[in-house]
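Colleague: Got a structure here, written out as structure tokens. Questions coming.
The values are calculated or read from the model by the stated rules, or taken from the named source; none is laboratory data. Fair warning: this is a prediction, and the values are worked out from it, not measured in the lab. Methodologically, a virtual Cβ is constructed for each residue, glycine included, from the backbone with ideal geometry; neighbour enumeration extends over all protein chains shown.
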């Protein structure tokens, strides 16, 4: 529970900071609300937008994993603006009664401006964090692989790679993700890591293996995150020679 709260702390701080900043600016003639309603209005909308943003980002990472980070961020800003516009319209209806529908596109534009600004700031912060971590990090996976992964997984230890049709599932100690990449290219990107191919569809990091089980003449590797990676007869001799089991 405490770890969960710690992980949420930066986002909560960001919501409060942006909400307070917009309260001070009071854009779009919202100053008439007065305090504390002005702060509640903006902070509540930003919190709602952040929640919608998490859903949109999660959806985009799984539907268009090969898109650049900026493109996904831009798409998310347009998507997030739809439910937030609906929330703003509902609040205005409750507070001031019916209003002409032709103002909805204008409301959407104003909402998108704020959403785009928050997206740009978020991307810049993430980029700065990437550079700071890269400067201190030990040799690991190349950006050709990590840049396709969600930001929250980019600095997590890679446990395994598994091919799924035209996609690649990257298993890390903090979760997994699906990206558009060939397994052979991904294996090249993790060449600096201590691992090996165990199957035509699998690559596994050696220190991720907790135990080895055998059955029907084949071995199976049980990894730290609870998944099991198969070992084919083709790769078994090399793994035995390397002391995997």
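Colleague: Just checking: which of the strands (runs of 3 or more DSSP E) contained wholly in the range 134-245 hold 3 or more residues that are more than 30 Å from residue 11 (Cβ to Cβ) and without any contact (Cβ under 8 Å) to a residue 60 or more places away in the chain?
Modeller: Correct list: 195-199, 202-205, 209-215, 218-223, 228-231.
Colleague: Further, regarding this structure: Identify, by number, the condition in (1) surrounded by fewer than 18 Cβ atoms within 10 Å (Cβ to Cβ); (2) assigned to a helix (DSSP H, G or I); (3) at pLDDT below 80 that residue 29 doesn't meet.
Modeller: (2)
Colleague: Among the residues of the range 233-243, write down those that are farther than 25 Å from residue 182 by Cβ and surrounded by 15 or more Cβ atoms within 10 Å (Cβ to Cβ).
Modeller: none
Colleague: Of all residues being part of a helix (DSSP H, G or I) and in contact with a helix residue (DSSP H, G or I) (Cβ under 9 Å, 6 or more places away or on another chain) in the range 89-100, which is surrounded by the fewest Cβ atoms within 10 Å (Cβ to Cβ)? Just the residue, please.
Modeller: Ranking the candidates gives 95 first.
For every residue, the table says whether it meets (1) surrounded by 12 or more Cβ atoms within 10 Å (Cβ to Cβ); (2) in contact with a helix residue (DSSP H, G or I) (Cβ under 8 Å, 6 or more places away or on another chain); (3) modelled with pLDDT of 85 or more.
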{"position": "192", "(1), (2), (3)": "no, no, no"}
{"position": "195", "(1), (2), (3)": "yes, yes, yes"}
{"position": "198", "(1), (2), (3)": "yes, yes, yes"}
{"position": "207", "(1), (2), (3)": "yes, no, yes"}
{"position": "216", "(1), (2), (3)": "no, no, no"}
{"position": "220", "(1), (2), (3)": "yes, no, yes"}
{"position": "231", "(1), (2), (3)": "yes, yes, yes"}
{"position": "245", "(1), (2), (3)": "yes, yes, no"}
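Colleague: Note down all Cβ pairs under 6 Å where the first residue falls in the range 1-21 and is within 22 Å of residue 114 (Cα to Cα), the second is modelled with pLDDT of 80 or more, and they're at least six residues apart or on different chains.
Modeller: 15/46; 15/47; 15/50; 18/46; 19/42; 19/43; 19/46
Colleague: If you don't mind, another one. Mind checking which residues of the range 48-68 are surrounded by 16 or more Cβ atoms within 10 Å (Cβ to Cβ) and assigned to a helix (DSSP H, G or I)?
Modeller: 48, 49, 50, 52, 53, 56, 57, 60, 61
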